[in-house]
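Let me begin by presenting the structure, written as structure tokens, before commenting on it.
The values are calculated or read from the model by the stated rules, or taken from the named source; none is laboratory data. Please read all numbers here as calculations on a predicted model, not as lab measurements. Note that we place each Cβ from the backbone using ideal geometry, even for glycine, and neighbour counts take in every protein chain shown.
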Amino acid sequence: MPRTKITWVLLARYLSLYYSDMLLESLKDYVVSKSGLSPCSLCTEATPHNMRTRLLLCKCKACKTVAPDARCPWKGMVQTCTLSNVVSISEASQHISPFHPPRQARLTEEMKAFARAMCTYSHKPMSIYNGIIRRFQVSEAAMTKLATVQCFVQHYRCARIGGRDFLDDVEA
């Protein structure tokens, strides 16, 4: 069976990372299904370099409620130049449901940077959570869950700071 060609509709081209994040936040919930590198076709740099292409699939609860057995046909594509950090965003098809449910609260890049800075000073996740609420003047109802901050802090400590206890180090 031959594959049908996907017709991509360009939403935005040559966006900075900041504005592309804002545009992606305005979309319905999605999940990255594929991500890969390919030769860059976005910018005009003479040096050969790559761009990252991420394919997005809909995971919106409203679309799942309307058609529980069918997959939403909406697809998104985000292409990011690794050299100049220019972003192009496209989409294909429409969502099953036009209803746009409210998104769960997420940590913004500024909040993540603040949490990273507090991690370097060995603050506990609850202290970081309260610091984010005070610093960014977010109500607790609008703030992401404490478990999200705990997972972020734990991952950052293990991956970047070396917060793992290895058995040989503990016994010594």
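Looking only at segment 73-81, decide whether some residue is under 16 Å from TYR19 (Cα atoms) and either over 17 Å from the mean Cα position of the chain (by Cα) or among the aromatic types (Phe, Trp, Tyr) (or both).
Step one: of segment 73-81, the residues under 16 Å from TYR19 (Cα atoms) are 77-81.
Those still in the list that are either over 17 Å from the mean Cα position of the chain (by Cα) or among the aromatic types (Phe, Trp, Tyr) (or both) too: none.
No: segment 73-81 contains no residue that is under 16 Å from TYR19 (Cα atoms) and either over 17 Å from the mean Cα position of the chain (by Cα) or among the aromatic types (Phe, Trp, Tyr) (or both).
Every residue, every condition in (1) modelled with pLDDT of 90 or more; (2) loosely packed, with under 14 Cβ neighbours inside 10 Å, yes or no:
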position	(1), (2)
SER33	yes, yes
LEU37	yes, yes
THR53	yes, no
CYS63	no, no
LYS75	yes, no
ILE89	yes, no
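Kindly provide the set of residues from segment 93-144 that are surrounded by fewer than 16 Cβ atoms within 10 Å (Cβ to Cβ), over 17 Å from the mean Cα position of the chain (by Cα), closer than 30 Å to VAL66 by Cβ and not hydroxyl-bearing (Ser, Thr, Tyr), ordered by number.
Scanning segment 93-144 gives GLN94, PRO98, PHE99, HIS100, PRO101, ALA141, ALA142.
For MET22, all conditions in the list (1) under 20 Å from the mean Cα position of the chain (by Cα); (2) surrounded by 12 or more Cβ atoms within 10 Å (Cβ to Cβ) hold save one; what is the number of the exception?
(2)
May I ask you to list pairs of residues, at least six apart or on different chains, whose Cβ atoms are under 6 Å apart, with the first in segment 36-48 being in contact (Cβ under 8 Å) with a residue 40 or more places away in the chain and the second being in a strand (DSSP E or B) and among the hydroxyl-bearing types (Ser, Thr, Tyr)?
Between residues of segment 36-48 that are in contact (Cβ under 8 Å) with a residue 40 or more places away in the chain and residues that are in a strand (DSSP E or B) and among the hydroxyl-bearing types (Ser, Thr, Tyr), the close pairs are LEU42/SER88.
Quickly run through segment 145-161 and pick out the residues that are under 19 Å from the mean Cα position of the chain (by Cα), surrounded by 15 or more Cβ atoms within 10 Å (Cβ to Cβ) and not aliphatic (A, V, I, L, M).
Passing the criteria: THR148, GLN150, PHE152, TYR156.
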